[in-house]
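Please read the structure below before turning to the comments.
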Amino acid sequence: MTIAPKILSLSIRKHLWAGLALAAVMWWSSSASPAMAEVRPAFLYKLSSFDGPVAFKSAKIDVDNLRKEIYVADSRQGEVRIFNAQGMEVFRFGDDGQLGSLMDIAVDTSGDIFVLGRKGNQAVMIRCDFRGRALNTMRLKGLPTEFDAILPNRMVFWNDRLYLLDSDALRLVVADMDGLYLKGYDMARLIGVDAKKRADVSVGGFSVDPHGNILFTIPVMFSAFRLSPEGEILSFGTPGSAPGRFGVVGGIVADAQGYYYVADRLKSVVLVFDRQFKFQTEFGYRGFQPHNLISPRDLELDDQGRLYVTQMGNRGVSVFKITHP
């Protein structure tokens, strides 16, 4: 089954977003969620240094499950900060400006770190060792005409492949570890966005799940999508302020059990759906208690069931433990 929701007109979206913003105020202080949810989140801590929680303003996260380390790319500061399994900072690099225009980060199974940046109108990937020493610099190679103008700002490592997304152009390229083009996706075409409406559409969240499905969200469509390795695309999501409905969607990830986690920037929650896209629960909510969130942006999961949530308002990265009763 293929689902491609229609894009709402700009005027309708403006009115709907305004309505959502007003209605969401009623839900921000609420903790309502369905009874008997199959997923139970619990706040653990925030990523911290010896000075306390780190107040990231713009962060992308990747997890090295083999070495139990968390890598945070801070694009505002142009540096990468590394945390241990307890959420304490142990190392950083890039504060000397060597990483340039830092966009995203990915760690491979050997522990090498791929840093995605930009130089002029081209994407550049710097491959570093486990402590940030540059090994080599790569550019995308062998791109077909349809993708030769791609300027990726997001990157995911999965199964010895680099997935590079241009979130504004709605194009995704899969490359090998040397940057050689293997496959490309015109995401706008897959979800039914015609050429006239491309400028109104961009990707909010992006990841690759444990089974190789590409996950992404489109905020103006109030939808999350799953693109299988075989090319089947499914979507879910309904606009609204009630629990289980989407306001302004951001990051999306899935765990090994098939549960989907979607950040909602407007409602300041993380929503959880099961493998059939049935709503389970949501958590966070706007506020200043440790478990609260302020406009959550991106999500990352490790193999210990810890969910990492970046957010606005200098609130840093919140870490939740996810359990399945």
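The values are calculated or read from the model by the stated rules, or taken from the named source; none is laboratory data. Note that the coordinates shown come from a computational prediction; the quantities given were computed from them, not determined experimentally. Cβ placement follows ideal geometry from the backbone for every residue including glycine, while neighbour counts extend to all protein chains displayed.
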Pairs with Cβ under 8 Å, 6+ apart, first in region 132-143 and over 15 Å from Gly117 (Cα atoms), second of a type in the set (Val, Ile, Thr): Leu143/Ile150; Leu143/Val173
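Give, as residue ranges, the strands (runs of 3 or more DSSP E) completely inside region 163-209 that count at least 2 residues that are of a type outside the set (A, V, I, L, M) and within 22 Å of Arg297 (Cα to Cα).
Numbers: elements: 171-175, 181-186, 206-208.
In region 163-209, the matching strands (runs of 3 or more DSSP E) lie at 206-208.
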Residue check for Pro290: loosely packed, with under 13 Cβ neighbours inside 10 Å and in contact with a Phe, Trp or Tyr (Cβ under 7 Å, 6 or more places away or on another chain): yes
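I'm trying to understand the selection: among the residues of region 160-202, which are among the hydroxyl-bearing types (Ser, Thr, Tyr) and closer than 15 Å to Asn213 by Cα? Full working, then the answer.
Within region 160-202, the subset among the hydroxyl-bearing types (Ser, Thr, Tyr) is 163, 167, 181, 185, 202.
Correct list: Tyr163, Tyr185.
Okay, residues lined up against (1) farther than 25 Å from Val201 by Cα; (2) charged (D, E, K, R); (3) surrounded by 17 or more Cβ atoms within 10 Å (Cβ to Cβ); (4) modelled with pLDDT under 95:
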{"residue": "Ile82", "(1), (2), (3), (4)": "yes, no, yes, no"}
{"residue": "Met88", "(1), (2), (3), (4)": "yes, no, no, no"}
{"residue": "Arg131", "(1), (2), (3), (4)": "yes, yes, no, yes"}
{"residue": "Ala149", "(1), (2), (3), (4)": "no, no, no, yes"}
{"residue": "Val156", "(1), (2), (3), (4)": "no, no, yes, no"}
{"residue": "Val173", "(1), (2), (3), (4)": "no, no, yes, no"}
{"residue": "Leu180", "(1), (2), (3), (4)": "yes, no, no, no"}
